[in-house]
Number of protein chains: 2
Amino acid sequence: MNVAIVGGTGPQGRGLALRFARAGIPVTIGSRTVDRSIKTALELTDRLAGKHGAASITGASNIGAVAAAERIVLLAVPYEAHEDVLKGLIPSIQGKILVDIVVPLAPGNPRAVLMPSEGSATEAAQGLVGPDVPVVGALHNVSAHALNDLDQPINCDVLVAGNDSAAKHEVIKLLRLLEVDVYDAGPAASARCIEAITPILIRLNISKAVPFTHAGIRIWAPLQKAKTSSKSGEPLARYE
Amino acid sequence: MNVAIVGGTGPQGRGLALRFARAGIPVTIGSRTVDRSIKTALELTDRLAGKHGAASITGASNIGAVAAAERIVLLAVPYEAHEDVLKGLIPSIQGKILVDIVVPLAPGNPRAVLMPSEGSATEAAQGLVGPDVPVVGALHNVSAHALNDLDQPINCDVLVAGNDSAAKHEVIKLLRLLEVDVYDAGPAASARCIEAITPILIRLNISKAVPFTHAGIRIWAPLQKAKTSSKSGEPLARYE
């Protein structure tokens with residue numbers, strides 16, 4: 001299994017490329033400018049020098065990265081570019097899964113979202129790529145700083161939303177390789193909430209009233225369910 | 001300072017009444033049926049017997065509870081009753097602050113929200129009570145189980161949203177007496193996100209794939225800001 005990261009030269013894309021490659025998953029990062037993605041791929045490869053089991057990071061055009069992906073393409077562009085970039089990928093992405101990590105921050109105000117009429121970026125992406133490409137929203141709330149600080153585990157949980165359950169579970173399985181807790185948050189419409197958590201975190205990060213920065217969210221639940229389902233008597237699978 | 005809890009005989013209202021009274025804040029719980037609120041108030045008072053410093057819990061009609069509140073009225077009714085109950089409170093709530101904890105769960109499906117056209121229950125409430133009553137959305141993501149289990153601290157953080165900053169800070173100060181971390185999540189529009197977190201938590205709580213129940217969310221941020229503001233040189237106040 002490999003992955004492509006469209007818009008992979010931005011801070012979020014770079015951090016994800018590092019995390020996936022360190023976990024042994026080859027990454028192709030795409031950019032509008034191939035020179036830039038090749039240069040970034042070399043820089044990131046240098047950062048992983050000496051990490052046992054690290055996989056390759058290579059640079060390509062956005063379309064080239066999508067073509068290189070066996071199955072999963074992550075979209076990590078700024079929201080302004082979301083629609084245009086996606087339109088350019090429609091032919092090459094057929095048969096693959098799109099993981100949309102884009103947050104529709106309001107122009108000029110990262111402390112608010114301005115949702116597209118479809119309800120969320122995830123739902124807008126699904127409308128653009130068509131029904132044959134499952135779109136899964138994920139990774140919206142992870143700060144680029146957290147992703148790039150390889151000395152620390154990712155400091156938050158990942159909520160995943162999408163209408164195609166099989167595709168969503170492929171993505172959940174992949175993301176768990178990054179050693180993070182990943183939760184199925186339901187259908188694509190849940191992305192309306194999940195994407196909107198990010199500007200709330202940004203608001204806290206930049207507020208003088210709060211002592212911390214690079215915040216994430218965690219699901220917090222001290223109480224365990226009963227060990228067996230009351231109906232089937234089967235043990236519960238952890239996080240499945 | 002005291003508080004009123006409209007719809008205070010439900011599981012959320014009962015738990016909040018217990019937590020506030022235990023913290024020394026007198027509570028009047030309101031119900032459509034005064035007999036029921038008086039009975040509930042006696043039950044809850046019994047549960048606090050022997051707790052040093054606990055304040056009183058009394059029962060009243062919903063309007064009677066609002067009248068008894070010096071300043072802060074919490075609304076804890078099921079979403080089906082949100083509009084009707086609020087309409088009945090319009091005259092008596094003038095000059096007070098409404099804390100709306102109601103989540104617009106989809107009819108028959110607690111794993112989804114069905115937002116009112118105003119965007120959120122908090123914004124709908126503001127439209128109903130008029131501009132002279134500040135509405136603050138809060139406490140949406142705290143499970144009734146967590147509130148009622150007095151042996152444990154509340155297992156999540158509280159995100160607060162509202163357009164009137166002064167009112168919001170009064171509410172934040174009050175809620176911190178419940179020994180919970182409370183964050184200013186921004187304007188009322190942030191409630192579109194915060195209210196919608198609850199059905200995601202409910203989805204996890206009832207999913208056989210997840211080993212825990214009664215989940216909440218926490219803001220998680222290992223990195224501290226610099227100790228002094230770069231502009232003023234003043235130390236940062238914690239969470240203020």
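Conditions (1) among the hydroxyl-bearing types (Ser, Thr, Tyr); (2) touching a helix residue (DSSP H, G or I) at 6+ places or on another chain (Cβ under 8 Å); (3) free of Cβ contacts under 8 Å to residues at least 60 places away in the same chain, marked per residue:
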residue: A:Pro104; (1), (2), (3): no, yes, no
residue: A:Glu118; (1), (2), (3): no, yes, yes
residue: A:Lys168; (1), (2), (3): no, no, yes
residue: A:Ile172; (1), (2), (3): no, no, yes
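When you look at B:Arg218, is it at pLDDT 95 or above and over 24 Å from B:Val77 (Cα atoms), yes or no? The answer is yes for B:Arg218. The residue list A:Arg22, A:Arg36, A:Arg47 contains one member that is touching a helix residue (DSSP H, G or I) at 6+ places or on another chain (Cβ under 8 Å) and not β-branched (Val, Ile, Thr), which is A:Arg47. For B:Leu177, which of the numbered conditions (1) modelled with pLDDT of 95 or more; (2) surrounded by fewer than 23 Cβ atoms within 10 Å (Cβ to Cβ); (3) within 11 Å of another protein chain (Cβ to nearest Cβ) fails to hold? That leaves (3) as the condition not met.
Scanning the range A:116-152 for residues that are in a loop (DSSP other than H, G, I, E, B) and within 16 Å of the chain's Cα centre (by Cα), which turns out farthest from B:Met115 (Cα to Cα)? In this case the residue turns out to be A:Ser143. Number of residues in the range B:164-193 that are among the acidic types (Asp, Glu) and on the phi > 0 side of the Ramachandran plot: the value is 1.
A count restricted to the range B:191-215 and to residues that are facing another protein chain (nearest Cβ under 7 Å), at pLDDT 95 or above and open to solvent by 30 Å² or more (accessible area, probe 1.4 Å) stands at 2.
Here B:Leu114 passes the criteria (1) among the hydrophobic types (A, V, I, L, M, F, W, C); (2) touching a residue at least 24 places away in the same chain (Cβ under 8 Å); (3) farther than 21 Å from B:Thr9 by Cα except the one numbered (2). Just one of the listed residues (A:Arg32, A:Arg71, A:Arg36) is open to solvent by 70 Å² or more (accessible area, probe 1.4 Å) and over 26 Å from A:Gly95 (Cα atoms), namely A:Arg36. Within the range B:89-109, one or more residues are open to solvent by 50 Å² or more (accessible area, probe 1.4 Å) and assigned to a helix (DSSP H, G or I). Taken over the range A:153-174, the criterion of being open to solvent by less than 60 Å² (accessible area, probe 1.4 Å) and not in a helix (DSSP H, G or I) is satisfied by A:Ile154, A:Asn155, A:Cys156, A:Asp157, A:Val158, A:Leu159, A:Val160, A:Ala161, A:Gly162. For the condition modelled with pLDDT under 95, outside any strand (DSSP E or B) and within 7 Å of chain A (Cβ to nearest Cβ), B:Lys231 does not qualify. All conditions but one from (1) within 14 Å of chain B (Cβ to nearest Cβ); (2) touching a residue at least 24 places away in the same chain (Cβ under 8 Å); (3) open to solvent by 60 Å² or more (accessible area, probe 1.4 Å) apply to A:Asp132; the one that does not is (1). Being closer than 25 Å to B:Thr9 by Cβ and touching a strand residue (DSSP E or B) at 6+ places or on another chain (Cβ under 7 Å) is a description that does not apply to B:Ala188.
The values are calculated or read from the model by the stated rules, or taken from the named source; none is laboratory data. All values reported here derive from a predicted model rather than from experimental measurement. Note: ideal-geometry Cβ built from the backbone for every residue, glycine included; neighbour counts use all protein chains shown. Heads up: the accessible areas ignore ligands, DNA and RNA and are worked out on the full protein's heavy atoms, side chains in. Shrake-Rupley method; radii C 1.70, N 1.55, O 1.52, S 1.80 Å.
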